[in-house]
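Shown next, in structure tokens, is the structure this report addresses.
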Amino acid sequence: MFRRKKKEQPTDAPPAFEASESPATEEASAPAADAAVTESVAAEAAPTASEPAAAPPATDSVASGRRGNRVQKVGTVSSDKMQKTVVVRVDRLVLHPKYRRYVRRTSKFMAHDELGATTGDRVRIVETRPLSTRKRWRVVEIVQKAAK
């Protein structure tokens, strides 16, 4: 029936070296090419007085510098009956191993909510430290408000 493709096995051998046909031609043109590259790199590296210095990239409050990238998920709020806590339902599609059809799997996460999300809202949650026994996620943004 259906067969899965085998992953390519990594090898320890270095990549194959391609030899050029005319080494004398490359040697003659190499210094001129290197000089042009060196000049263009030097021009890009040194900012002129008229150009302002580039600002450092903006960091997101979700993933601070030391903590790295935290897991983020987008789901639908299924319950908001607790104080500052919502239950978020996250759906994902999984390929069934036998029937080769996509099956919807659902996970429910309890998330800390300071933004005031209501039932039916699409929210983005991010992994955080344990806030209670079952609450380890935090609502970062409301992606889409529920239609009323």
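The values are calculated or read from the model by the stated rules, or taken from the named source; none is laboratory data. Given the structure is predicted, the values throughout are model-derived calculations rather than measurements. Note that we place each Cβ from the backbone using ideal geometry, even for glycine, and neighbour counts take in every protein chain shown.
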> Looking at segment 135-148, which of its residues are assigned to a strand (DSSP E or B) and either surrounded by fewer than 16 Cβ atoms within 10 Å (Cβ to Cβ) or under 22 Å from the mean Cα position of the chain (by Cα) (or both)?
Replying inline: 136, 137, 138, 139, 140, 141, 142, 143, 144
> Taking only pairs six or more apart or across chains, which ones have beta-carbon atoms under 8 Å, a first residue in segment 87-102 that is under 30 Å from residue 114 (Cβ atoms) and among the aromatic types (Phe, Trp, Tyr), and a second residue that is modelled with pLDDT of 95 or more and assigned to a loop (DSSP other than H, G, I, E, B)?
Replying inline: none
> For the subset of segment 110-134 comprising residues that are of a type in the set (Asp, Glu) and touching a residue at least 40 places away in the same chain (Cβ under 8 Å), which member is nearest to residue 83 (Cα to Cα)?
Replying inline: 121
> So which strands (runs of 3 or more DSSP E) are wholly in segment 77-134 and hold at least 1 residues that are closer than 23 Å to residue 148 by Cα, of a type in the set (Ser, Thr, Tyr) and modelled with pLDDT of 95 or more?
Replying inline: 85-95
